[in-house]
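Worksheet for the structure shown next.
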């Protein structure tokens, strides 16, 4: 089985010794080629080339950002080639192996993999021996002539503003720890505009909703983790269904407190309140804004946008898990 392993040498939770151990373990099971990512977007290029060269599997050792790039490389054909069609478009793409190496590893954990890279490699090797594959759907965000797939979440508004702030801290050399995310979210909440909602929800067969401050779009659940604690704003979301969304039309303390408490403590019920807008298993919807709004995708800040359309992409990938 021809396999290309993409390694992010800057992955948060691995070191050179761990990477060598994982490479030797995978190399004993498959015909392995190893490539290291060198810059932002490099994983997408490497994955697209692996697909064009007929590799059977692309493995990735890294965090959610590197995994997202890899997925986009697998789904976007090189030189404008035609993507596979039919009932199972994933059949025309290399399989995907995920080995978590980041600080959150939401996609890997949502697949049921251990959060520790050596243990996850053991689980992946077992899947290889037994020929286990899981077909998963993805989300797709489209804006201003651009598009990008996401594995577990996207967001507009407050949550994307927090990610932007944390990325700024990372650029200054600080690690993106769960504590740093929480502290940044609290500080940013005190400063955020709570009086002028910017967004409006529209979509085929969906009642429109105006006055939205923030929206969380999910392709699976959990949406994220605080350490080992799952965050569950859309607990019914799954890789096998369409997209889910939780949007807030009020973000004052009295409105936010019960929602935050619910998504941190409940596992199978939706938060409730007249100020919430919720969607489940939808194929497509659009968020428009009367001013540029912060936008994130799989925890990667992508700037400010005035509209983004979100689409479900069924049967997008086969993951060895």
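Looking at residue 11, is it modelled with pLDDT of 95 or more and either part of a loop (DSSP other than H, G, I, E, B) or under 17 Å from the mean Cα position of the chain (by Cα) (or both)?
Values: modelled with pLDDT of 95 or more: no; either part of a loop (DSSP other than H, G, I, E, B) or under 17 Å from the mean Cα position of the chain (by Cα) (or both): yes.
Judged against the criteria, residue 11 is not a match.
Every residue in region 161-202 that is assigned to a strand (DSSP E or B) and buried (at least 19 other Cβ atoms within 10 Å of the Cβ), please.
Of the residues in region 161-202, the ones assigned to a strand (DSSP E or B) are 199-202.
If the condition is that a residue be assigned to a strand (DSSP E or B) and buried (at least 19 other Cβ atoms within 10 Å of the Cβ), then 199, 201 are the ones that fit.
Among the strands (runs of 3 or more DSSP E) lying completely within region 248-321, list those that include at least 2 residues that are touching a residue at least 40 places away in the same chain (Cβ under 8 Å) and farther than 20 Å from residue 137 by Cβ. Give the derivation first.
Working: elements: 276-282, 284-297, 300-319.
So the answer is 284-297, 300-319.
For residue 207, state whether it is free of Cβ contacts under 8 Å to residues at least 40 places away in the same chain and in contact with a helix residue (DSSP H, G or I) (Cβ under 8 Å, 6 or more places away or on another chain). Steps first, please.
Numbers: free of Cβ contacts under 8 Å to residues at least 40 places away in the same chain: yes; in contact with a helix residue (DSSP H, G or I) (Cβ under 8 Å, 6 or more places away or on another chain): no.
Against the criterion (free of Cβ contacts under 8 Å to residues at least 40 places away in the same chain and in contact with a helix residue (DSSP H, G or I) (Cβ under 8 Å, 6 or more places away or on another chain)), residue 207 does not qualify.
Quick one: which of 23, 97 is at pLDDT 95 or above and touching a helix residue (DSSP H, G or I) at 6+ places or on another chain (Cβ under 6 Å)?
Numbers: 23 fails: touching a helix residue (DSSP H, G or I) at 6+ places or on another chain (Cβ under 6 Å).
One residue alone meets the criteria, 97.
Would you confirm, using the coordinates I've provided, whether residue 113 is assigned to a loop (DSSP other than H, G, I, E, B), at pLDDT 95 or above and touching a helix residue (DSSP H, G or I) at 6+ places or on another chain (Cβ under 7 Å)?
Criteria met by residue 113.
Among (1) at pLDDT 95 or above; (2) out of contact with any strand residue (DSSP E or B) (no Cβ under 7 Å at 6 or more places or on another chain), which single condition is residue 120 missing?
Against the list (1) at pLDDT 95 or above; (2) out of contact with any strand residue (DSSP E or B) (no Cβ under 7 Å at 6 or more places or on another chain), residue 120 comes up short only on (2).
The values are calculated or read from the model by the stated rules, or taken from the named source; none is laboratory data. This one's a predicted model, so the numbers in the text were calculated from it and none came from an experiment. Neighbour counts run over all protein chains shown; Cβ positions are idealised from the backbone, glycine included.
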